[in-house]
Amino acid sequence: MSTLLKFERVNAFYGAAHILHDMSLEIAAGERVALIGRNGVGKTTCVNTLLGVASLRGGSIAIGGSGLKKPRPYVAAGLGVAVVPQGRGIVANLSVEENLILGTAAGRKGHWTVPRIYELFPILRERAHTPGTALSGGQQQMLAIGRALMSNPALVILDEPTEGLAPVIVDQLATIFNQVADLGTALLLIEQNLSLVERVAHRYYAMAKGAVIGQGPVNAAVMHELKEHVVA
Ligand SMILES: Nc1ncnc2c1ncn2[C@@H]1O[C@H](COP(=O)(O)OP(=O)(O)OP(=O)(O)O)[C@@H](O)[C@H]1O
Ligand SMILES: [Mg+2]
(Lines give C-alpha, C1' and ligand atoms only; values in the text may rest on other atoms or scores of the structure.)
(Ligands and ions follow the chains in the order given, each with its own letter.)
Protein backbone atom coordinates (compact mmCIF):
# COMPACT_ATOMS: atom_id res chain seq x y z
CA MET A 1 0.00 0.00 0.00
CA SER A 2 1.32 3.42 -0.86
CA THR A 3 1.87 5.98 1.87
CA LEU A 4 -0.46 8.96 1.62
CA LEU A 5 0.74 11.03 4.54
CA LYS A 6 3.94 10.77 6.49
CA PHE A 7 5.16 12.83 9.42
CA GLU A 8 8.78 12.04 10.23
CA ARG A 9 10.17 13.43 13.50
CA VAL A 10 8.19 16.63 13.06
CA ASN A 11 9.02 19.53 15.36
CA ALA A 12 6.53 22.36 15.21
CA PHE A 13 6.15 25.71 16.90
CA TYR A 14 3.75 28.60 17.43
CA GLY A 15 6.23 31.47 17.70
CA ALA A 16 8.69 30.36 20.38
CA ALA A 17 6.35 27.71 21.81
CA HIS A 18 7.64 24.26 20.88
CA ILE A 19 4.55 22.01 20.60
CA LEU A 20 5.39 18.92 18.50
CA HIS A 21 8.50 16.98 19.53
CA ASP A 22 9.65 14.39 16.99
CA MET A 23 6.06 13.57 16.03
CA SER A 24 5.88 10.68 13.55
CA LEU A 25 2.93 9.03 11.90
CA GLU A 26 2.08 7.37 8.63
CA ILE A 27 -1.17 6.67 6.80
CA ALA A 28 -1.46 4.45 3.73
CA ALA A 29 -4.07 4.64 0.98
CA GLY A 30 -7.49 3.51 2.20
CA GLU A 31 -6.49 3.20 5.86
CA ARG A 32 -8.73 4.22 8.79
CA VAL A 33 -6.48 5.66 11.47
CA ALA A 34 -7.33 7.42 14.74
CA LEU A 35 -5.23 10.03 16.54
CA ILE A 36 -6.18 10.22 20.18
CA GLY A 37 -5.02 12.09 23.26
CA ARG A 38 -6.15 14.52 25.93
CA ASN A 39 -6.88 18.20 25.40
CA GLY A 40 -3.80 20.21 24.56
CA VAL A 41 -1.43 17.36 23.61
CA GLY A 42 -0.96 18.71 20.06
CA LYS A 43 -3.51 16.88 17.91
CA THR A 44 -4.74 20.01 16.13
CA THR A 45 -1.17 21.25 15.92
CA CYS A 46 -0.42 18.23 13.70
CA VAL A 47 -3.12 19.48 11.33
CA ASN A 48 -1.94 23.07 11.66
CA THR A 49 1.62 22.05 10.78
CA LEU A 50 0.40 20.24 7.67
CA LEU A 51 -1.45 23.44 6.69
CA GLY A 52 1.42 25.79 7.52
CA VAL A 53 -0.40 27.46 10.42
CA ALA A 54 2.11 26.14 12.96
CA SER A 55 5.70 26.31 11.74
CA LEU A 56 7.62 23.20 10.81
CA ARG A 57 11.18 23.61 12.11
CA GLY A 58 12.51 20.07 12.10
CA GLY A 59 11.67 16.76 10.50
CA SER A 60 9.55 16.39 7.41
CA ILE A 61 6.01 16.01 6.13
CA ALA A 62 5.32 14.18 2.88
CA ILE A 63 2.09 13.66 0.96
CA GLY A 64 2.09 10.78 -1.51
CA GLY A 65 5.86 10.55 -1.28
CA SER A 66 6.61 14.20 -2.09
CA GLY A 67 8.04 16.22 0.76
CA LEU A 68 6.32 19.53 1.52
CA LYS A 69 8.85 22.35 1.26
CA LYS A 70 6.38 24.95 2.46
CA PRO A 71 3.18 23.52 3.97
CA ARG A 72 0.08 25.46 2.88
CA PRO A 73 -3.65 24.59 2.87
CA TYR A 74 -3.93 24.66 -0.94
CA VAL A 75 -0.84 22.47 -1.28
CA ALA A 76 -2.35 19.77 0.96
CA ALA A 77 -5.74 20.03 -0.78
CA GLY A 78 -4.20 19.84 -4.25
CA LEU A 79 -2.29 16.71 -3.24
CA GLY A 80 -5.48 15.07 -2.00
CA VAL A 81 -5.57 15.76 1.74
CA ALA A 82 -8.77 17.48 2.91
CA VAL A 83 -9.31 18.77 6.44
CA VAL A 84 -12.54 19.02 8.41
CA PRO A 85 -11.31 21.53 10.97
CA GLN A 86 -12.07 21.49 14.67
CA GLY A 87 -14.97 23.93 15.10
CA ARG A 88 -16.06 23.17 11.50
CA GLY A 89 -15.08 26.45 9.84
CA ILE A 90 -18.38 27.10 8.08
CA VAL A 91 -18.34 30.45 6.26
CA ALA A 92 -21.12 32.60 7.72
CA ASN A 93 -22.00 34.69 4.69
CA LEU A 94 -22.27 31.75 2.30
CA SER A 95 -25.20 29.41 1.79
CA VAL A 96 -24.94 25.68 2.41
CA GLU A 97 -24.40 25.07 -1.30
CA GLU A 98 -21.81 27.84 -1.60
CA ASN A 99 -19.93 26.36 1.36
CA LEU A 100 -19.91 23.01 -0.45
CA ILE A 101 -18.60 24.58 -3.64
CA LEU A 102 -15.66 26.07 -1.72
CA GLY A 103 -14.42 22.50 -1.50
CA THR A 104 -13.90 22.36 -5.27
CA ALA A 105 -11.15 25.00 -5.15
CA ALA A 106 -8.54 22.23 -5.07
CA GLY A 107 -9.56 21.37 -8.63
CA ARG A 108 -9.66 17.60 -8.12
CA LYS A 109 -12.36 15.72 -10.01
CA GLY A 110 -13.82 12.41 -8.90
CA HIS A 111 -16.77 10.68 -7.32
CA TRP A 112 -17.97 13.58 -5.18
CA THR A 113 -20.26 16.22 -6.66
CA VAL A 114 -22.94 18.42 -5.08
CA PRO A 115 -25.74 15.90 -5.93
CA ARG A 116 -23.74 13.05 -4.39
CA ILE A 117 -23.14 15.06 -1.22
CA TYR A 118 -26.91 15.66 -1.07
CA GLU A 119 -27.50 11.91 -1.38
CA LEU A 120 -25.15 11.36 1.55
CA PHE A 121 -26.71 14.18 3.61
CA PRO A 122 -30.31 14.80 2.40
CA ILE A 123 -30.78 17.52 5.02
CA LEU A 124 -28.18 19.64 3.21
CA ARG A 125 -30.28 19.56 0.04
CA GLU A 126 -33.31 20.76 2.00
CA ARG A 127 -31.25 23.61 3.42
CA ALA A 128 -29.14 24.31 0.32
CA HIS A 129 -29.93 28.02 0.18
CA THR A 130 -29.84 28.87 3.88
CA PRO A 131 -26.71 30.42 5.40
CA GLY A 132 -24.31 27.68 6.48
CA THR A 133 -24.08 29.02 10.01
CA ALA A 134 -27.90 28.86 10.41
CA LEU A 135 -27.64 25.06 10.59
CA SER A 136 -27.56 23.07 13.83
CA GLY A 137 -24.20 21.87 15.11
CA GLY A 138 -24.67 18.40 13.67
CA GLN A 139 -25.78 19.77 10.30
CA GLN A 140 -22.78 22.13 10.20
CA GLN A 141 -20.55 19.14 10.82
CA MET A 142 -22.20 17.36 7.88
CA LEU A 143 -21.59 20.46 5.78
CA ALA A 144 -17.93 20.59 6.80
CA ILE A 145 -17.57 16.91 5.86
CA GLY A 146 -19.36 17.48 2.56
CA ARG A 147 -17.12 20.43 1.75
CA ALA A 148 -14.02 18.32 2.45
CA LEU A 149 -15.32 15.50 0.22
CA MET A 150 -15.97 17.97 -2.61
CA SER A 151 -12.20 18.16 -3.08
CA ASN A 152 -12.26 14.43 -3.92
CA PRO A 153 -9.51 13.71 -1.42
CA ALA A 154 -7.48 10.55 -1.01
CA LEU A 155 -7.37 11.28 2.74
CA VAL A 156 -9.79 13.19 4.96
CA ILE A 157 -8.57 14.46 8.31
CA LEU A 158 -11.43 14.94 10.78
CA ASP A 159 -10.48 17.02 13.83
CA GLU A 160 -12.81 16.05 16.71
CA PRO A 161 -15.86 15.92 14.43
CA THR A 162 -18.25 14.78 17.16
CA GLU A 163 -17.28 17.30 19.83
CA GLY A 164 -20.45 18.61 21.46
CA LEU A 165 -22.87 16.56 19.34
CA ALA A 166 -25.75 14.42 20.62
CA PRO A 167 -25.17 10.62 20.65
CA VAL A 168 -27.77 10.07 17.92
CA ILE A 169 -25.85 12.43 15.58
CA VAL A 170 -22.57 10.77 16.53
CA ASP A 171 -24.09 7.44 15.47
CA GLN A 172 -25.12 8.90 12.10
CA LEU A 173 -21.65 10.32 11.56
CA ALA A 174 -20.03 6.97 12.42
CA THR A 175 -22.10 5.39 9.64
CA ILE A 176 -21.11 8.16 7.23
CA PHE A 177 -17.40 7.83 8.05
CA ASN A 178 -17.59 4.11 7.34
CA GLN A 179 -19.45 4.71 4.06
CA VAL A 180 -16.83 7.21 2.94
CA ALA A 181 -14.01 4.86 3.92
CA ASP A 182 -15.73 1.97 2.13
CA LEU A 183 -15.43 4.02 -1.07
CA GLY A 184 -11.65 3.88 -0.61
CA THR A 185 -10.95 7.24 1.03
CA ALA A 186 -8.44 7.07 3.88
CA LEU A 187 -9.47 8.66 7.18
CA LEU A 188 -7.47 10.25 9.97
CA LEU A 189 -9.97 10.58 12.78
CA ILE A 190 -8.81 12.83 15.61
CA GLU A 191 -11.04 11.91 18.54
CA GLN A 192 -11.46 11.63 22.28
CA ASN A 193 -14.64 9.55 21.89
CA LEU A 194 -13.08 6.10 21.95
CA SER A 195 -16.31 4.25 21.26
CA LEU A 196 -16.47 6.15 17.96
CA VAL A 197 -12.82 5.30 17.32
CA GLU A 198 -13.64 1.65 17.92
CA ARG A 199 -16.49 1.78 15.39
CA VAL A 200 -14.49 3.50 12.65
CA ALA A 201 -10.71 3.11 12.97
CA HIS A 202 -8.55 0.05 12.40
CA ARG A 203 -5.33 1.49 13.81
CA TYR A 204 -4.49 4.24 16.29
CA TYR A 205 -1.79 6.62 17.44
CA ALA A 206 -1.96 7.94 20.98
CA MET A 207 -0.33 11.29 21.74
CA ALA A 208 0.94 13.00 24.86
CA LYS A 209 3.04 16.16 25.09
CA GLY A 210 3.47 16.61 21.36
CA ALA A 211 4.64 13.08 20.53
CA VAL A 212 3.35 9.57 19.93
CA ILE A 213 3.30 7.46 23.10
CA GLY A 214 1.55 4.39 21.72
CA GLN A 215 0.18 2.87 18.54
CA GLY A 216 -1.35 -0.32 17.27
CA PRO A 217 -4.52 -1.97 16.07
CA VAL A 218 -7.89 -0.80 17.43
CA ASN A 219 -9.90 -3.32 19.46
CA ALA A 220 -12.17 -3.18 22.50
CA ALA A 221 -9.50 -4.20 25.01
CA VAL A 222 -7.00 -1.60 23.78
CA MET A 223 -9.64 1.14 23.74
CA HIS A 224 -10.63 0.25 27.30
CA GLU A 225 -7.01 0.54 28.40
CA LEU A 226 -6.54 3.86 26.57
CA LYS A 227 -9.70 5.27 28.10
CA GLU A 228 -8.11 4.96 31.53
CA HIS A 229 -4.68 6.28 30.66
CA VAL A 230 -4.77 8.49 27.59
CA VAL A 231 -8.05 10.28 27.23
CA ALA A 232 -9.79 10.62 30.59
N1 LIG B 1 -2.16 29.53 17.99
C2 LIG B 1 -1.50 29.09 19.06
N3 LIG B 1 -0.49 29.81 19.62
C4 LIG B 1 0.19 29.36 20.71
N5 LIG B 1 -0.06 28.18 21.33
C6 LIG B 1 -1.04 27.44 20.82
C7 LIG B 1 -1.82 27.84 19.68
N8 LIG B 1 -2.73 26.88 19.43
C9 LIG B 1 -2.53 25.92 20.35
N10 LIG B 1 -1.53 26.25 21.19
C11 LIG B 1 -0.99 25.43 22.30
O12 LIG B 1 -0.44 24.25 21.73
C13 LIG B 1 -0.70 23.12 22.56
C14 LIG B 1 -1.37 22.05 21.72
O15 LIG B 1 -2.64 22.52 21.31
P16 LIG B 1 -3.56 21.73 20.28
O17 LIG B 1 -4.64 22.65 19.88
O18 LIG B 1 -2.72 21.14 19.21
O19 LIG B 1 -4.10 20.56 21.21
P20 LIG B 1 -5.22 19.45 20.91
O21 LIG B 1 -4.58 18.14 21.22
O22 LIG B 1 -5.78 19.64 19.58
O23 LIG B 1 -6.31 19.76 22.04
P24 LIG B 1 -7.93 19.71 21.99
O25 LIG B 1 -8.31 18.28 22.20
O26 LIG B 1 -8.33 20.58 23.14
O27 LIG B 1 -8.38 20.25 20.67
C28 LIG B 1 -1.54 23.62 23.72
O29 LIG B 1 -0.66 23.84 24.80
C30 LIG B 1 -2.09 24.94 23.21
O31 LIG B 1 -2.31 25.84 24.27
MG1 LIG C 1 -7.64 20.14 18.89
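Per-structure values
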| read-out | value |
| --- | --- |
| Of all residues in the stretch 22-41 being among the small types (Gly, Ala, Ser) and buried (at least 22 other Cβ atoms within 10 Å of the Cβ), the one that is nearest to ligand 2 (Cβ to nearest atom) | 37 |
| The one condition in (1) under 29 Å from residue 228 (Cα atoms); (2) within 15 Å of ligand 2 (Cβ to nearest atom); (3) in contact (Cβ under 8 Å) with a residue 40 or more places away in the chain that residue 50 fails to fulfil | (1) |
| Among the residues listed as 83, 41, the single one being β-branched (Val, Ile, Thr), modelled with pLDDT of 95 or more, in a strand (DSSP E or B) and within 16 Å of ligand 1 (Cβ to nearest atom) | 83 |
| Flag for residue 105 being in a loop (DSSP other than H, G, I, E, B) and surrounded by fewer than 18 Cβ atoms within 10 Å (Cβ to Cβ) | no |
| Filter result for residue 93 (part of a loop (DSSP other than H, G, I, E, B), more than 16 Å from ligand 1 (Cβ to nearest atom) and among the polar types (S, T, N, Q)) | yes |
| Tabulated pairs, the stretch 30-47, first in contact (Cβ under 8 Å) with a residue 24 or more places away in the chain and farther than 17 Å from residue 11 by Cβ, second near ligand 1 (Cβ under 6 Å from one of its atoms) and not polar (S, T, N, Q), C-beta under 9 angstrom, 6+ apart or interchain | 35/43; 36/43; 37/43 |
| Any chance residue 186 is touching a residue at least 12 places away in the same chain (Cβ under 8 Å) and under 29 Å from residue 13 (Cβ atoms) | yes |
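The values are calculated or read from the model by the stated rules, or taken from the named source; none is laboratory data. From a predicted model like this one, the values you see are computed outputs, not experimental measurements. So basically every Cβ, Gly included, is an ideal-geometry build from the backbone, and we count neighbours across all protein chains shown.
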